[in-house]
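Here is the structure we will look at.
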Amino acid sequence: MQKDIYERIISFLLGASWAIVLFGALLTFKTFVSLGLGLSLFFTIVYIIASLFMILALDAFMVNKQRLVESKKQTKLLEKIYSKHT
C-alpha cells in the first residue's frame with residue numbers, strides 16, 4: 001500500500017521522537033547525576049513521561065488520518081447503496 005506524504009512525515013517524526021526520547025534521557029541522566037543518583041533518575045523519568053506525550057500525540061494524528069480515510073470509504077459505499085434503493 002502506498003503511503004501519502006502525510007503518513008511518511010508522521011512516520012519519520014515518530015522515529016525521530018523515539019530517538020529524542022532515548023538520547024534525551026541519557027543526556028538528562030548524565031546532566032543531573034552530579035546532583036545525586038535519585039534526583040537524576042527522577043528528572044530522567046519526568047523527561048521520558050513528557051516525551052512520551054509527544055509520541056502519543058503523533059500516533060493520535062496517524063490514527064485520526066486512518067479514521068478519516070475509512071469514513072470516506074464508508075460514505076462512498078453508503079452513497080452507492082442509497083442510490084440503488086432510490
Requested in this report: Kindly indicate whether I81 is part of a helix (DSSP H, G or I), at pLDDT below 95, exposed (fewer than 12 other Cβ atoms within 10 Å of the Cβ) and not polar (S, T, N, Q).
Outcome: yes
Requested in this report: Determine whether the range 25-35 contains at least one residue that is part of a helix (DSSP H, G or I), of a type in the set (S, T, N, Q) and exposed (fewer than 12 other Cβ atoms within 10 Å of the Cβ).
Outcome: yes
Query raised in the report: In the range 16-63, which residues are charged (D, E, K, R) and at pLDDT below 95?
Result: D59
Report summary line: Within the range 45-86, residues hydroxyl-bearing (S, T, Y) and more than 20 Å from I9 (Cβ to Cβ) come out as Y47, S71, T75, Y82, S83, T86
Query raised in the report: How many of the residues in the range 51-86 are β-branched (V, I, T) and in contact (Cβ under 8 Å) with a residue 12 or more places away in the chain?
Result: 1
Report summary line: If you go through S17, S40, the only one that is part of a helix (DSSP H, G or I), among the hydroxyl-bearing types (S, T, Y), free of Cβ contacts under 8 Å to residues at least 24 places away in the same chain and in contact with a helix residue (DSSP H, G or I) (Cβ under 9 Å, 6 or more places away or on another chain) is S40
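The values are calculated or read from the model by the stated rules, or taken from the named source; none is laboratory data. Keep in mind it's a predicted model, so treat the numbers as computed, not measured. Please note: Cβ atoms are built from the backbone with ideal geometry, for glycine as well, and neighbour counts cover all protein chains shown.
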